[in-house]
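The values are calculated or read from the model by the stated rules, or taken from the named source; none is laboratory data. Computed from a predicted structure; not experimentally measured. Cβ placement follows ideal geometry from the backbone for every residue including glycine, while neighbour counts extend to all protein chains displayed.
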Amino acid sequence: MSEQLAMLPGYLTAHLQLTLFALLLGAAFSVPAGVLVHRLRWLDQPVVGTASVIQTIPSLALLAIMVPTLAALGVQSIGFLPAFIGITLYSVLPILRNTVTGLAGVDPALVEAARGVGMTPVQRLRRVELPLAMPVILAGIRTSTVLTVGVATLSTPVGAPSLGNYIFSGLQTRNLTAVLVGCVAAAVLALCLDGLVRGLGASIVRRKRGWAAVVLTTIGLLYSFTVVSLVQEARAGDTGRVVVGAKTFTEQYILSEILSGHVAQTTGAASEVVSSLGSTVAFDALVAEEIDVYVDYSGTIWATIMRRETAAGDREAVLGEVSRFLREEHGVEVAGTLGFENSYALAMRRQQAKDRGIRGIGDLTVYARQMVIGGDYEFFGRPEWIAVRDGYQLTFASQRTMDSSLMYQAVAGGQVDVISAFSTDGRIAALDLVVLEDGQGAIPPYDALILAGPRLVRERPDVVAALRQLTGTIDAEHMRRMNLAVDQDGDTPATVAALFLRELQEARAAR
Amino acid sequence: MLIEVIGVTKRYANIVAVDDLSLHVEAGELLVLLGGSGSGKTTTLKMVNRLIEPSAGRITIDGQDTATIDPHELRRRIGYVFQRIGLFPHMTIAENVEVTLTLLGWESARSQRRVDELLELVELAPGLIRDRRPSELSGGQQQRVGVARALAASPSVMLLDEPFGALDPLTRDRLQQSFLRIRRQLNLTAMFVTHDMVEALLMGDRIAVMNEGRLVQIGTPGELLRSPADDYVRRLMDTPTRQARVVEALLEDNPA
């Protein structure tokens, strides 16, 4: 718990930065846009319609779309910017719609009175229409505030830290304390910010100058704090820090901590971890030099980046081709193979496999029609699945997509019969599951590769050299144990990584 | 201050709201525009301060064509009292009264003095009422504030659009008397719209009877009563006397 709370100031600050600036920009756009729509009625359909369409896009998708969009524009595509833009877009509709509704709700007799006493259109807006619409506009800002705090938790996968880091990593590493801390913190933050906006509205309507001053000062302090923290981060960002990426599962959290710790220990370079990146976001981020290094798997590059559909052949051949492809196409260097494979594998309950005499994937062909298969978010869209499905002619009764952290429980509990497991997951052994043999070699090999991005290759040969030292230091059994320590024993990825690095140093010293 | 309406027409799509209307209001005179709903009386009034722009014709005030004056400048020089009162609910009474003064850039101390003076003129106690909100006042008090607001910038022309129509009879009577006193005191030139025959006879120096966008007859109450121009005016003029006769008959049938 205290370990989780120690991360709170950082995540909370990051969350505030995203939320407050998205709201500010959202309101700064939406209120004037609402006024314009009110004056020029023909704008209603195009403007409010567009905002409504944006709102219907699932927030996670909206944020994810920002990554390739910004990359295509050649600006920062991972981290603060994509999250900030996505959240801002999301904050627009409630404020815009309430501004239009609020202005339309002003009694026409008062509008005529305002004209009659000699107000110009601008004076009428400022002195009569906006003040009278203010309660409705503020209600819209409150809706947006709560919405924005919630959506900001989804900025983690696009590389912007937030309270969502607790939730994403907590769900993956089965750390419910972390999930709870993240949810409670986000809820409390939403309530506090909502309270501030409500307080501001009430004090304006009731003309409590003192209260309004107190609330405005508080809001002002919050903004100054976030501006200062952003400026500090921007300054710190240029000191040649090595940024290590991690995708959204336990093994990646552990490996990113290991890489980061090792680089810091051997080269003295400052390093940081950006975790819970979406799977392809991580590779895009490496190529775009938003991160410097992360671990990926040869088969993943083979199938999803190189788009090869044919079976791969042996480990060495795939590794050679992947390395050449990465160097020539993207300027990415394979700084080393860690020494284990984490491949996609089909797994099922040992007892059920035994009862039916199933040993390989080929034996499933007969039974598949009565079975349910569970896969992670990507699996059923990946070429490996297509290869397995077509190669073994598998037709399952149904297929279910679920979070990878839940698949193992699901198969152990009998909700599904077969899952797309990861071969290094400690839960395969812990839950008495069995991995089915891939006799045809439909699934490519998945050597864990340390990928060094173009910036490191160009500017930091010392860091690349340090990363090379990790070659062959982790075998599959070791990785499985480390995964299990987090998933089952409740250790944090950081402590597991620290233990590994200590053992590595001791082994070196002994030699 | 002389108002001249010269050949003014207002057309909406295929409806003619006001049809080639010509009339004038003498300086210091109160002209009542009388007619039923849809007669064009309110449209005529609103064309004087350009809340509605005429389709044809022109309106001059003291010889100056209103079309050549910036509309909001024009409206600041003309007092306007609304049928639905139209006090701004988010402002205090003082802020409502001084709104035109603020627009004219008066300094605060001067407009505060003016507000108190105006509230006293409309028979409200400034100390009690200055900082209240319109919603805390009765309908009669609200319309007194409405009159004070219209008078704030000392306009020499006032436009009143059925100002007392929504008030109960006793309150209406008191406000009518107050307004007659104020307009004599300030020598206002005014146009006063009403559909109430009795009010027209009580308030107007002259009455312009309108029907279906046209001017039917214009004259003093005496002239209209004695020689109505047509059947419509005659029936209109008969209403108060007919009602009075009913009241008298009731009194005779039920002596005290």
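Selection of segment A:270-311 for residues being part of a loop (DSSP other than H, G, I, E, B) and touching a helix residue (DSSP H, G or I) at 6+ places or on another chain (Cβ under 6 Å) yields A:Gly278, A:Ala288, A:Glu289, A:Ile291, A:Asp292, A:Met306, A:Arg308, A:Glu309. When the criteria are applied in full, B:Thr239 fails the requirement of being modelled with pLDDT of 90 or more and surrounded by fewer than 18 Cβ atoms within 10 Å (Cβ to Cβ). In summary, A:Phe29 fulfils each of the numbered conditions (1) part of a helix (DSSP H, G or I); (2) under 20 Å from the mean Cα position of the chain (by Cα); (3) touching a residue at least 40 places away in the same chain (Cβ under 8 Å) with the single exception of condition (2).
Applying the criterion of at least 3 residues that are within 14 Å of chain B (Cβ to nearest Cβ), touching an Asp or Glu at 6+ places or on another chain (Cβ under 8 Å) and not basic (Lys, Arg) to the helices (runs of 4 or more DSSP H) found wholly in segment A:39-147 leaves an empty list. Filtering segment A:336-356 to residues that are in contact with a helix residue (DSSP H, G or I) (Cβ under 7 Å, 6 or more places away or on another chain) and either free of Cβ contacts under 8 Å to residues at least 60 places away in the same chain or closer than 22 Å to A:Gly414 by Cα (or both) leaves A:Tyr344, A:Leu346, A:Ala347, A:Met348, A:Arg349, A:Arg356. Just a yes or no: is a residue in segment B:33-47 closer than 22 Å to B:Leu186 by Cα and assigned to a loop (DSSP other than H, G, I, E, B)? No: zero hits. Under the condition of being of a type in the set (S, T, N, Q) and at pLDDT 90 or above, which residue from segment A:2-29 is farthest from A:Ser155 (Cα to Cα)? So, considering only residues that are of a type in the set (S, T, N, Q) and at pLDDT 90 or above, the one farthest from A:Ser155 (Cα to Cα) is A:Thr13.
Annotation note: Cβ proximity below 7 Å between a residue of segment B:229-256 that is more than 15 Å from B:Val209 (Cα to Cα) and a residue that is among the hydrophobic types (A, V, I, L, M, F, W, C) and in a helix (DSSP H, G or I) (sequence gap 6+ or interchain) occurs for B:Pro240/B:Met197; B:Pro240/B:Val198; B:Pro240/B:Leu201. Flag set for B:Asp173, criterion: surrounded by 12 or more Cβ atoms within 10 Å (Cβ to Cβ) and among the acidic types (Asp, Glu).
Taking A:Ala465 and the conditions (1) in a loop (DSSP other than H, G, I, E, B); (2) more than 26 Å from the chain's Cα centre (by Cα), which numbered condition does it fall short on, given that it satisfies the others? Single failed check for A:Ala465: (1). For segment B:64-73, does any single residue satisfy the condition of being farther than 29 Å from B:Thr102 by Cβ and either out of contact with any Leu (no Cβ under 9 Å at 6 or more places or on another chain) or buried (at least 16 other Cβ atoms within 10 Å of the Cβ) (or both)? Within segment B:64-73, none of the residues are farther than 29 Å from B:Thr102 by Cβ and either out of contact with any Leu (no Cβ under 9 Å at 6 or more places or on another chain) or buried (at least 16 other Cβ atoms within 10 Å of the Cβ) (or both).
Among the residues of segment A:381-400, which ones are surrounded by 14 or more Cβ atoms within 10 Å (Cβ to Cβ) and among the polar types (S, T, N, Q)? Within segment A:381-400, just A:Gln399 meets the criteria.
The helices (runs of 4 or more DSSP H) located wholly in segment B:73-122 that include 1 or more residues which are under 22 Å from B:Leu51 (Cβ atoms) and within 14 Å of chain A (Cβ to nearest Cβ) occupy B:93-97, B:99-103. Quick one: in segment B:124-158, of everything that is assigned to a loop (DSSP other than H, G, I, E, B) and surrounded by fewer than 16 Cβ atoms within 10 Å (Cβ to Cβ), which residue is farthest from the other protein chains (Cβ to nearest Cβ)? Filtering first and then ranking leaves B:Ala125. Evaluated against (1) buried (at least 17 other Cβ atoms within 10 Å of the Cβ); (2) closer than 24 Å to B:Arg50 by Cβ, B:Leu201 falls short on exactly one condition, (2).
Determine, yes or no, whether A:Ala347 is in contact with a strand residue (DSSP E or B) (Cβ under 6 Å, 6 or more places away or on another chain), over 30 Å from A:Leu431 (Cα atoms) and surrounded by 22 or more Cβ atoms within 10 Å (Cβ to Cβ).
For A:Ala347, the condition - in contact with a strand residue (DSSP E or B) (Cβ under 6 Å, 6 or more places away or on another chain), over 30 Å from A:Leu431 (Cα atoms) and surrounded by 22 or more Cβ atoms within 10 Å (Cβ to Cβ) - is not met.
Of the residues in segment B:48-64, at least one is within 13 Å of chain A (Cβ to nearest Cβ), within 25 Å of B:Glu212 (Cα to Cα), among the polar types (S, T, N, Q) and not in a strand (DSSP E or B). Name the residue, out of A:Leu171, A:Leu191, A:Leu196, A:Leu176, that is surrounded by fewer than 19 Cβ atoms within 10 Å (Cβ to Cβ) and under 19 Å from the mean Cα position of the chain (by Cα). Selected residue: A:Leu176, the only one of A:Leu171, A:Leu191, A:Leu196, A:Leu176 that is surrounded by fewer than 19 Cβ atoms within 10 Å (Cβ to Cβ) and under 19 Å from the mean Cα position of the chain (by Cα).
One line per residue, one yes/no per condition, for (1) among the polar types (S, T, N, Q); (2) under 14 Å from A:Gly116 (Cβ atoms); (3) at pLDDT 90 or above:
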{"residue": "B:Ala56", "(1), (2), (3)": "no, no, yes"}
{"residue": "B:Glu73", "(1), (2), (3)": "no, yes, yes"}
{"residue": "B:Val81", "(1), (2), (3)": "no, yes, yes"}
{"residue": "B:Gly86", "(1), (2), (3)": "no, yes, no"}
{"residue": "B:Pro89", "(1), (2), (3)": "no, no, yes"}
{"residue": "B:Ile93", "(1), (2), (3)": "no, no, yes"}
{"residue": "B:Leu101", "(1), (2), (3)": "no, no, yes"}
{"residue": "B:Ala109", "(1), (2), (3)": "no, no, yes"}
{"residue": "B:Leu118", "(1), (2), (3)": "no, no, yes"}
